[in-house]
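Heads up: the structure comes next, in structure tokens.
The values are calculated or read from the model by the stated rules, or taken from the named source; none is laboratory data. Everything quoted here is computed from the prediction, not taken from an experiment. Neighbour counts are summed over all protein chains in view; Cβ atoms, including those assigned to glycine, are modelled from backbone coordinates with ideal geometry.
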Amino acid sequence: MSFVHLHNHTQYSLLDGACRVDRMIKLAVEYGMPAVAITDHGNMYGAIDFYKAAKKAGIKPIIGTEAYIINGDLNSEHNKSDNRYHLVLLAQNNTGYHNLIKLSSISFIDGYYYKPRISKAVLAQYSEGLICLSACIQGEVASLLANHREQEAREAVAWYKDLFGDRYYIEIQDHGIEQEREVMPLLIKLAKEMDVPLVVTNDCHYLHQEDYEAHDILLCIQTAKALNDPTRMRYSSNQLHFRSPEEMRALFPEHEDAYNNTLKIAESVDLELKYDKFLLPEIDIPEGYADMGTYLRHLCDENCKIKYPEMTDEIRSRIDFELEVIHRMGFDGYYLVVKDLIDNARKQGVPVGPGRGSGAGSIVAYLLDITKIDPMRYGLLFERFLNPERISMPDFDIDFCAQKRGQVIDYVVQKYGRSSVTQIITFGTLGARSVIKDVARVLMVSASEANNITKTIPFGRSLEDAYKESADFRHLIESNEQYQNIYKHSLVLEGLIRQTGIHAAGLVIVPGDLTDYIPLTRGNQKDGEDNILVQYEGKWLDELKFLKMDILGLKTLTLIQKTVDLVQQSHGVTVDVENLDLTDKKVFNMLGKGETDGVFQFESDGMRKYLIDLKPNMFEDLIAMVALYRPGPMKFIDSFIARKHKKEKVVYDHPIMEAALRDTYGVTVYQEQVMRISIEIAGFTRGEADSLRKAMGKKSLDLLQKFRQKFMEGTAARGVLAKIAEKIWQDWEKFAEYAFNKSHATCYALVAYRTAWLKAHYPVEFMAALLSLEDDPAKIPQIIEVCKNMGITIIAPNVNRSDREFTVHGKEVQFGLRAIKNLGEAAISCIVEDRHKNGPYSNIFNFCSRMDSSAVNKTVLESLIACGAMDELEGTRSQKWAVIEQALAFSNGEQRDKRLGQTSLFDLIIDDHEAEEYYPPLPLEQPWKYGYQMAKEKDVLGFYMSGHPLNEYLSLVKYFTNTTSLTGKGRSGQDLTLAGIINQISRKRDAKGNPIAFVEFEDLSGRFEVALFNKDYESFLPLLSPGMIYIVMGVKSGYDPNEDSILRVIPDQIIPIEELSHKTKGELQLSLDAGKLTPQWLDEFSLQMDKSGGGFVLLTTLTDPNGDKHILESAHKLFPGNQMLQWLEEQGTEFQLKISTAGNENNS
């Protein structure tokens, strides 16, 4: 009664197949099937995933695909309209597998037209070793019969039979579809007449019949349709599931041979994918060397003279050990490939990082200049990179300058050939939260309801785990029948693949043509070019022993190089960042003050706080902080700092441990420390120490138990007390939760130190580089604020001085044009290049006449005027704004005349004065009001450049507030009064669905945030508008230093600044000397009082010529507005304000 499913669509049939590979194989095993096939639509994405899983489960894997085939030529435009038919192809053996690779690759690269297609001519070329099934109702033979084209169907069968012989089968299926039942008898008859064997299949798209509706929803996700849309794509059967053998045999009981043929096909498959040798590209070595190992040793010996002039036995032994392991494992060539890549990058001027990951633990890598970290100096272990007892492909992750990473990739392609190098595919899956949202959308549940559900799912948890662990999620699902429906279907679809992507850094390199080894596909088009990718994910490339290289772009390396270039331009000094003094007190003093904006790894507020407490004074402190500042080990930072400053005793469980833990004050921080101690205290081999590290990281209980026994036996043999050994082991088990790779921490600490050194010694150049490379417009204002705090002046944008990027002028930074909104690269190039060629611009007409109107349009001009970049040109901003259209028309006329070869009047003018008279005059326009001008600047630059809206209220703010966004952070538990302009209002809902809002204000010192909950939301939110200025009274909210440094306020009152006059009251107390009063003073003060009505009592203490004081109270109430307060200050009048509102009182 056995049976084998030969037609199955897994999750790799994107948004169509709902058979998860692991679950499908598990079900096949439960059904007692000896084999199972994978036949995804047009691709081999899941072939290795499927193959490995089936092998592990003890069931035979049959790798195949359901191809799309056409009769005509793939390259013919005419044949793009040809019908494409389905055809199932199964790899019978290794030859068939490789032909399947060829066919799948061709279908994507040469035959792609909506779907990846092959032609019959191509199939004939690569048919050996393949078993061919006629496919479903959309197969060629079935389609022709359905359309009453019997003769063509016969011809098709004859063609396939002639090509495949006894490896060609006609599929029969019964999914309860009417057309199928009409065609099946015709297929059976035709097969009999033409002596072609039958095979029974089910077009499996999901595992269980009850998954039908979930699969229907999946199709809706694919087509972006709602389930109730009558026009959507759907399957007309609910029987496309992974039927049991009994169900299958009930379909065509009269055709026992068709069932037995599934077993016959499975038995005929003899496919063994053996990749027991690492595939490296051809490597040229100079003459005179016997092999790559000999050449590698030569390179190491040469560099030893430079890097280790005083050779020791320990260093020599380490080099010999590494070279022996590298050679024995066959990785000499890998090291040479990586060295060649990095050497070439440096020759091309591409900045390369000092290392990354565990590769920095290799002394051979250090000697070859692959890394710049001396592993002997920092106690880094080679075994962390390459375990001598477990052969696995080493993996050097390499950081390159982000802007020049493309040059490195180009070199690899040029050296090894386009056909041997390509990028790697990635798969984006339907995660717990995203699948809930997708299913909800298909079922017409609102996005807000879906968001409320997903908010209750713990981060990183599956739906099943979330249901067990989150009471909020469980109760929400149980509270609503529709939510239960969403959850039920989401469980089926969770983990299925939603889309493909491109690995951000990965390249695969093979000896020869890629399609000799791996199927290829197309990525999304980019910059007009097709991205060719391998169809297998990176983890499977590792399993198959292909050379995979991660060529990573690190923006910090670009920042370092940019700063070095600016230093060279400004000071004529060449900074060698690879040979800095790592004991520079100036650098450590800066870090110890928390002045780390822009410093790699160290700029978060939480890290800043710890650095201030730590007061680092050696490079090893920075390595430890890189490792410790993460969610797991962060709890040990306080102890680490206390031990450094001798406020907490350093204790070692055993004297042997001191050497390994000395640099971290007895705190176990690195994986390498555990490895080293396990070797020294328990006699582990180097390979066993690395395997222990891996077992801890993966929390492999079986392995850990085995290693625990060995550890206890080893420590006992070395005289360590059992209770001490037990404590060490238990500490290590806890440590596994947060263990970090010291090699990686050291590399990144070095990059961090280089940025810190540049900032400490060349702050202006460093900040200019930081501004130039910032891609997020929202961060530019924050960096400029840091510059101001550092005493660095930012010169406003100016079309006559600004270049594309921020530039250095002495101790000032000139604003770069790239940071102005709406200015594209074409406009910037046009402005800068013409200015360098023809000199400064004199007015807006002169400017426009020299621009390419396709690059510099109305929007560009508006941005340049609004931000003040044209202030140096004739006229006010309002005047220039008024003539934008006229200036563009003038420019168009000038350029038209030039295109026609006509001489314009301007070409005849020689004198500059005559030229100015030639341009149209600017109209008389009222200058923009201050607040309007500031708003325009903010819109274009993201911040206020030439002033601030609060500048109109400086005196009022001074006396009506008691703190700022900066000083308010230190006023816990005190009443705060601040003034600010609203930047943005974020409306959200809390976990219970209640509306809340966070209002971001800006004052002269920075930003602060007001949180509105419950009644505050209802009371204040309707009164608030972005761009308006308010006085905020309240108390400081809780503040988490590990998140950010913004001041948060819970408000008591929020008052528009214009309404202070009738929403506040109090006293204005003047102290006047009668002998110094003048009629002019009295007249002006009377005028000020007449202008201001309000709720303030005027109390005057008048000192007469005899020194007697008289207190006078005016019957006229007033409001001490900004103008009055400013006037009193200018007059030198002594005064005091007592302010109260809603029960609050403030003395100023």
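Assorted remarks:
- Sole residue being touching a helix residue (DSSP H, G or I) at 6+ places or on another chain (Cβ under 8 Å), modelled with pLDDT of 95 or more and under 27 Å from Leu771 (Cα atoms), chosen from Leu566, Leu614, Leu552: Leu566
- Residue among Phe815, Phe711, Phe740, Phe735 that alone is of a type in the set (Phe, Trp, Tyr) and touching a Lys or Arg at 6+ places or on another chain (Cβ under 8 Å): Phe740
- Criterion applied to Ser986, Ser1025, Ser1005 was being within 36 Å of the chain's Cα centre (by Cα), among the small types (Gly, Ala, Ser) and modelled with pLDDT under 90, and the one residue passing it is Ser1005.
- Cross-chain or 6+ apart pairs with Cβ under 6 Å, region 452-465 first and without any contact (Cβ under 8 Å) to a residue 24 or more places away in the chain, then assigned to a loop (DSSP other than H, G, I, E, B): Pro458/Ser470
- The residues listed here are Tyr275, Tyr235; of these, the one that is in contact with a His (Cβ under 8 Å, 6 or more places away or on another chain), modelled with pLDDT under 95 and at negative phi is Tyr235.
- Among the conditions (1) exposed (fewer than 12 other Cβ atoms within 10 Å of the Cβ); (2) at pLDDT 95 or above; (3) touching a Lys or Arg at 6+ places or on another chain (Cβ under 9 Å), the only one that Ser317 does not satisfy is (3).
- Spans of helices (runs of 4 or more DSSP H) in region 855-962 with at least 2 residues of a type in the set (Phe, Trp, Tyr) and modelled with pLDDT of 90 or more: 930-941, 954-960
- Any pair with Cβ under 6 angstrom, 6 or more apart, that starts in region 792-821 at a residue that is closer than 16 Å to Pro763 by Cα and ends at one that is of a type in the set (Lys, Arg) and part of a loop (DSSP other than H, G, I, E, B): Gln814/Arg801
- Of the criteria (1) under 30 Å from Gly683 (Cβ atoms); (2) touching a residue at least 40 places away in the same chain (Cβ under 8 Å), which one Phe640 fails: (2)
- Test: Leu74 is surrounded by fewer than 21 Cβ atoms within 10 Å (Cβ to Cβ), under 25 Å from Leu145 (Cα atoms) and hydrophobic (A, V, I, L, M, F, W, C): yes
The rows are residues; the columns are (1) under 38 Å from the mean Cα position of the chain (by Cα); (2) part of a loop (DSSP other than H, G, I, E, B); (3) within 20 Å of Val325 (Cα to Cα); (4) outside the structural domain of Ile172 (by TED's automatic domain parsing).
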position: Glu247; (1), (2), (3), (4): no, no, no, no
position: Asn260; (1), (2), (3), (4): no, no, no, no
position: Leu273; (1), (2), (3), (4): yes, yes, no, yes
position: Tyr295; (1), (2), (3), (4): no, no, yes, yes
position: Cys304; (1), (2), (3), (4): no, no, yes, yes
position: Pro309; (1), (2), (3), (4): no, yes, no, yes
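- Boolean, Glu282 is touching a Pro at 6+ places or on another chain (Cβ under 7 Å) and closer than 19 Å to Lys339 by Cα: yes
- First in region 647-670 and touching a residue at least 40 places away in the same chain (Cβ under 8 Å), second anywhere and of a type in the set (Val, Ile, Thr) and surrounded by fewer than 18 Cβ atoms within 10 Å (Cβ to Cβ), Cβ under 7 Å, 6 or more apart: Asp653/Ile724; His654/Ile724
- In region 128-149, the residues that are under 19 Å from Ser237 (Cβ atoms) reach residues that are in a helix (DSSP H, G or I) and among the charged types (D, E, K, R) with C-beta atoms within less than 6 angstrom, at least six apart or across chains, in these pairs: Ile137/Glu180.
- Restricted to region 118-217, the set of strands (runs of 3 or more DSSP E) holding at least 1 residues that are hydrophobic (A, V, I, L, M, F, W, C) and farther than 19 Å from His41 by Cβ comprises 168-172, 198-200.
- Identity of the residue in region 1078-1135, hydroxyl-bearing (Ser, Thr, Tyr), assigned to a loop (DSSP other than H, G, I, E, B) and over 56 Å from the mean Cα position of the chain (by Cα), that ends up surrounded by the most Cβ atoms within 10 Å (Cβ to Cβ): Thr1133
- Every residue from region 222-245 that is closer than 16 Å to Thr10 by Cα and in a helix (DSSP H, G or I): Gln222
- Among the residues of region 1-36, those that are among the polar types (S, T, N, Q) and assigned to a strand (DSSP E or B) comprise Asn8, Thr10.
- Members of region 1099-1129 that are closer than 29 Å to Val957 by Cβ and among the charged types (D, E, K, R): Glu1113, Lys1117, Glu1129
- Matching residues in region 12-39 - criterion: being farther than 20 Å from Gln239 by Cβ, buried (at least 20 other Cβ atoms within 10 Å of the Cβ) and not aliphatic (A, V, I, L, M): Tyr12
- Out of Glu1084, Glu1018, sole residue that is in the same structural domain as Leu1118 (by TED's automatic domain parsing) and either at pLDDT 90 or above or farther than 27 Å from Glu785 by Cα (or both): Glu1084
- Helices (runs of 4 or more DSSP H) wholly inside region 525-599 containing at least 2 residues that are touching a residue at least 12 places away in the same chain (Cβ under 8 Å) and among the polar types (S, T, N, Q): 555-571
- Hits in region 416-431 (condition: touching a residue at least 40 places away in the same chain (Cβ under 8 Å) and surrounded by fewer than 16 Cβ atoms within 10 Å (Cβ to Cβ)): Ser419, Gly428, Thr429
- Any hit, region 1048-1067, residues being more than 23 Å from Thr963 (Cα to Cα), surrounded by 14 or more Cβ atoms within 10 Å (Cβ to Cβ), more than 54 Å from the chain's Cα centre (by Cα) and at pLDDT 90 or above: no
- Test: residue in region 566-576 that is within 31 Å of the chain's Cα centre (by Cα) and over 12 Å from Phe766 (Cβ atoms): yes
- Complete set of residues in region 963-1007 that are surrounded by 14 or more Cβ atoms within 10 Å (Cβ to Cβ) and closer than 23 Å to Ser1140 by Cβ: Thr963, Thr964, Gly968, Arg971, Asp975, Leu976, Thr977, Leu978, Ala979, Gly980, Phe1001, Asp1003
- Being free of Cβ contacts under 8 Å to residues at least 60 places away in the same chain and either β-branched (Val, Ile, Thr) or over 30 Å from Lys277 (Cβ atoms) (or both) holds for only one residue in Ser434, Ser448, Ser479, and it is Ser479.
- Flag for Asp49 being more than 30 Å from the chain's Cα centre (by Cα) and more than 15 Å from His241 (Cβ to Cβ): no
- Any hit, region 173-180, residues being surrounded by fewer than 21 Cβ atoms within 10 Å (Cβ to Cβ), within 47 Å of the chain's Cα centre (by Cα) and among the aliphatic types (A, V, I, L, M): yes
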